[in-house]
Structure formats: C-alpha cells, structure tokens
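Chemist: Sharing a structure, written as structure tokens. Questions coming.
The numbers here are math on the coordinates, done by the rules we state, and not lab data. Only a predicted model underlies this, so the values are computations on that prediction, with no experimental measurement involved. Positions of Cβ are generated from backbone atoms using ideal geometry, with glycine treated the same way; all protein chains shown enter the neighbour counts.
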C-alpha cells in the first residue's frame with residue numbers, strides 16, 4: 001500500500017514540476033499567438049498559429065522586416081511587420097517604400113502586387129517625423145486592409161510581446177518564419 005502511495009506522490013510531484021516549468025516558459029520565454037484577421041495576407045493568414053519568442057528583444061533590437069506581435073491596446077495584440085527603426089524617415093511614393101529617401105525592396109509583397117496593373121497596392125504616405133528612439137514603425141502586408149502605424153502611430157519597444165519565430169498551425173505550413 002505504501003508503494004502505491006509513494007508512486008502517486010512521485011507522479012504528483014512530476015506533474016506539478018511540469019506545470020510550473022510550462023508556466024515559466026510561457027510567461028518569460030515563449031508564447032503562442034493565433035492570427036485574427038486579414039491584415040498580413042499573403043504572409044500570414046487568419047487562424048494561423050505561431051510561437052512568439054519573448055526573450056529575443058531583451059538582448060537585441062527589432063530588425064527591419066521582422067514579424068512581431070505587440071500590445072495594440074488593453075485587449076488586443078496585433079501581428080505586423082517592422083518597417084521603420086529609430087531614426088528612420090518612412091514614406092511610400094508610387095507604390096515604392098522609401099527609408100531615409102532610399103528605395104527599399106519588399107519581396108514579401110510581390111505576390112499581392114501581381115495582377116494589379118497600374119493600381120497602387122500601398123497608397124502614398126509619409127510620416128512627418130523620424131521614428132523615435134525606443135519605437136518602431138509597423139505595417140501589415142495587406143496594406144489596403146491593415147490597422148498599423150499609419151493610423152495607430154509608432155509602437156514603443158516595451159509594447160512588443162516578441163518576434164514571430166515558428167508557425168505551428170496549419171501543420172502543412174509549419175516551420176520557421178522568415
């Protein structure tokens with residue numbers, strides 16, 4: 001009888017340790033995120049699920065074109081692409097992205113731009129000031145249908161949840177996100 005009791009006690013300890021470790025990993029290292037909406041099509045689709053690296057930006061700054069998840073408000077987290085870094089002047093003219101007055105290629109948009117003919121995919125805009133220190137400027141890949149920095153402003157680094165590293169759903173699309 002004591003053997004059965006000890007066995008249950010050991011199982012209980014193992015399960016408790018596993019739960020505590022999972023909570024620590026989720027709180028401080030990685031978390032999952034499910035996309036809601038069409039603002040990142042064709043790179044990311046509604047219902048896809050990702051693993052978010054929460055610790056990476058603790059040791060480095062976001063890079064241009066990283067996919068990030070950030071706290072947009074008290075209730076919502078958004079997934080967007082980093083376009084502007086601190087000190088950058090960002091604008092789009094004639095469907096071309098300019099960073100500090102230099103054209104920048106956006107290969108992740110080529111699929112969306114195909115078939116539009118002379119119609120612009122991204123309407124012209126220019127942010128009047130440079131991206132401030134400690135902030136980023138983000139855009140959705142579905143430029144005509146994205147609530148992003150053009151409307152919500154610069155994103156403070158302390159609002160960034162983390163970098164999108166791994167797609168795990170749907171299974172057929174699972175893998176590292178670039």
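Chemist: For residue 158 and residue 4, compute 0.36 nm times the residue count separating them, minus their Cα-Cα distance, and round to one decimal in nm. Could you put the intermediate results ahead of the total?
Modeler: Values: separation 154, 0.36 × 154 = 55.44 nm, distance 4.98 nm.
Contour length minus the Cα-Cα distance gives 50.5 nm.
Chemist: Residue 110 versus residue 60, label points 7 Å from Cα toward the beta carbon: distance in nm?
Modeler: 2.4
Chemist: Hey, another quick one. Helix 2-24: angle to the longest alpha-carbon principal axis of the chain, degrees 0 to 90, nearest 10?
Modeler: Relative to the chain, helix 2-24 is tipped by roughly 10 degrees.
Chemist: Given C-alpha coordinates of the chain, what is the ratio Rg to Rh with the Kirkwood estimate of Rh? Walk me through the numbers before you get to the answer.
Modeler: Working: Rg = 20.5 Å, Rh = 18.2 Å.
Using only Cα positions, Rg/Rh for the chain is 1.13.
Chemist: Using Cα pairs under 8 angstrom and six or more residues apart, how large is the relative contact order of region 32-176, in percent?
Modeler: Relative contact order here is 32 percent.
Chemist: Once label points are set 7 Å from the Cα along Cα→Cβ at both residue 172 and residue 88, what is their separation, rounded to one decimal in nm?
Modeler: 3.3
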